[in-house]
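First the structure, in the form of structure tokens, and then the observations on it.
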Amino acid sequence: MNILISNDDGYRAPGILALYEAFKSLGHVEVVAPELNNSAKSNALTLNSPLYVHQGNPAFRYVNGTPADCVHIALTGLLDFRPDLIISGINNGANMGDDTIYSGTVGAAMEGYLMGIPSIAFSQVEKGWEYVDVAAQRARALVDALMQKGLIGHFSDEETLDGQQPWLLNVNIPNLPMTEQKGFKICRLGRRHAAEKVITQINPRGETMYWIGAAGPAKDESEGTDFFATAQGFTSITPLQIDLTNYTAMAPWAENFINTF
Ligand code: MN
């Protein structure tokens, strides 16, 4: 079992250290992660400046780039093996609902999925790393179960497992002690309200600085969502896809717009 670990909080973050500790006994495990915090970088790739790879401890390499950069260069030339699984995280805070659009944690996993490898993004619901070791054990339990079900295997770019494409999972784990953790639940993504207002301050030179405000509160946190499940103490699992096409909108657009000119 070959596993690549990345994240968006940087290679020194407690979440990735906990993930590595929980998975290192599972096989050949290597970390390629951003040098610095790259949260909310989504799938960004660095195209206009060089990337450098440095060695931390033997299994840890860090890159002056984004989460997607890390996975991209790992898979396209850095690693001398093809991972069977890519795991990203554990993120410092939830990636639920529309967070997944911005998340670098999801971006790293999505890059692996785009390269044809089963990939999982792990996040803790609350920031601050409380019970991060418990979260890492929950992550390991999920992967052990996936392996037992035969859902992790050797994929080439073309191959599929049981006729299915490699999969991408988004997982959010509540910050709870092991005794209070409920089971796993398959969930859809909820929705958040629009983000909070941008924060402005004056810098020492008298110029206005703009700071992106916090994500909005949950708007759709009804039963079946990741928000709902994690609030009950469950770990939410959402299978993600990449095709953003709004298929149900195609016919109305064709009918009411294209055909009218
Ligand atoms: Mn992050």
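The values are calculated or read from the model by the stated rules, or taken from the named source; none is laboratory data. This structure is a prediction, so every number in the text was calculated from the model and none was measured. When we count neighbours, we look across all protein chains shown, and the Cβ atoms used for this are built from the backbone with ideal geometry, even at glycine.
Observations, loosely collected:
- Residue within the range 200-216 that is modelled with pLDDT of 95 or more and within 26 Å of Gly112 (Cβ to Cβ) present: no
- Candidate set: the range 15-36, residues that are outside any loop (DSSP other than H, G, I, E, B) and out of contact with any strand residue (DSSP E or B) (no Cβ under 8 Å at 6 or more places or on another chain); chosen: the one nearest to Gly116 (Cα to Cα): Lys24
- Within the range 105-130, residues that are within 20 Å of Asp84 (Cβ to Cβ) have Cβ atoms under 8 Å from residues that are aromatic (Phe, Trp, Tyr) and not in a strand (DSSP E or B) in these pairs: Tyr113/Trp167; Gly116/Phe155; Ile117/Phe155; Pro118/Phe155; Pro118/Trp167; Ser119/Tyr113; Ser119/Trp167, counting only partners at least 6 apart in sequence or on another chain.
Residues checked against (1) modelled with pLDDT of 95 or more; (2) touching a Pro at 6+ places or on another chain (Cβ under 7 Å); (3) closer than 26 Å to Pro34 by Cα; (4) of a type in the set (A, V, I, L, M, F, W, C):
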site: Leu85; (1), (2), (3), (4): yes, yes, yes, yes
site: Leu142; (1), (2), (3), (4): yes, no, yes, yes
site: Asn175; (1), (2), (3), (4): yes, no, yes, no
site: Cys187; (1), (2), (3), (4): yes, no, no, yes
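- Listed by first and then second residue, the pairs linking a residue in the range 226-240 that is over 17 Å from Val143 (Cα atoms) and of a type outside the set (Phe, Trp, Tyr) to a residue that is surrounded by fewer than 19 Cβ atoms within 10 Å (Cβ to Cβ) and modelled with pLDDT of 95 or more, with Cβ atoms under 7 Å apart and 6 or more places separating them unless they lie on different chains, are Ala229/Lys185; Gln232/Lys182; Gly233/Glu180; Gly233/Lys182.
- Residue ranges of helices (runs of 4 or more DSSP H) in the range 37-134 with at least 1 members among the hydroxyl-bearing types (Ser, Thr, Tyr) and more than 15 Å from the ligand (Cβ to nearest atom): 104-114
- In the range 186-215, the residues that are touching a residue at least 60 places away in the same chain (Cβ under 8 Å) and within 25 Å of Ala94 (Cα to Cα) reach residues that are of a type in the set (Asp, Glu) and assigned to a strand (DSSP E or B) with C-beta atoms within less than 7 angstrom, at least six apart or across chains, in these pairs: Gly190/Asp220; Arg191/Asp220.
- Taken as a whole, the structure leaves Ile152 outside the set of residues that are assigned to a loop (DSSP other than H, G, I, E, B), at pLDDT 90 or above and β-branched (Val, Ile, Thr).
- For the range 71-117, filtering for residues that are of a type in the set (S, T, N, Q), touching a Gly at 6+ places or on another chain (Cβ under 9 Å) and surrounded by fewer than 24 Cβ atoms within 10 Å (Cβ to Cβ) leaves 1.
- Tyr11 vs. criteria under 19 Å from Leu78 (Cβ atoms), modelled with pLDDT of 95 or more, of a type outside the set (Lys, Arg) and away from the ligand (no atom under 16 Å from the Cβ): no
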